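Below is one structure; the comments refer to it alone.
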Amino acid sequence: MTERAIRTLKWQCIHRHCFECQQHATRSIGDWLRFSTSASAPGARRHPDAHA
């Protein structure tokens, strides 16, 4: 389960961004994690940065 989450994080967040600094990466990854944990909630919407 953890390996799948890390793989998904890498493909959906890290590989799609060119981070300017460690703070930017930390903030973006935190935003992605908050989104991914709330995405399974009923009525969840797609992330605005997600590509169709």
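The values are calculated or read from the model by the stated rules, or taken from the named source; none is laboratory data. None of these values were measured; they are calculated from a predicted model. We place every Cβ from the backbone using ideal geometry, glycine too, and count neighbours over all the protein chains shown.
Values as computed for the structure displayed
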{"item": "Contacts under 8 angstrom Cβ, first residue in segment 16-37 being at positive phi, partner at pLDDT 85 or above and assigned to a loop (DSSP other than H, G, I, E, B), 6 or more apart", "result": "none"}
{"item": "The chain - residue that is modelled with pLDDT of 80 or more and of a type in the set (Asp, Glu) and, of those, farthest from the chain's Cα centre (by Cα)", "result": "20"}
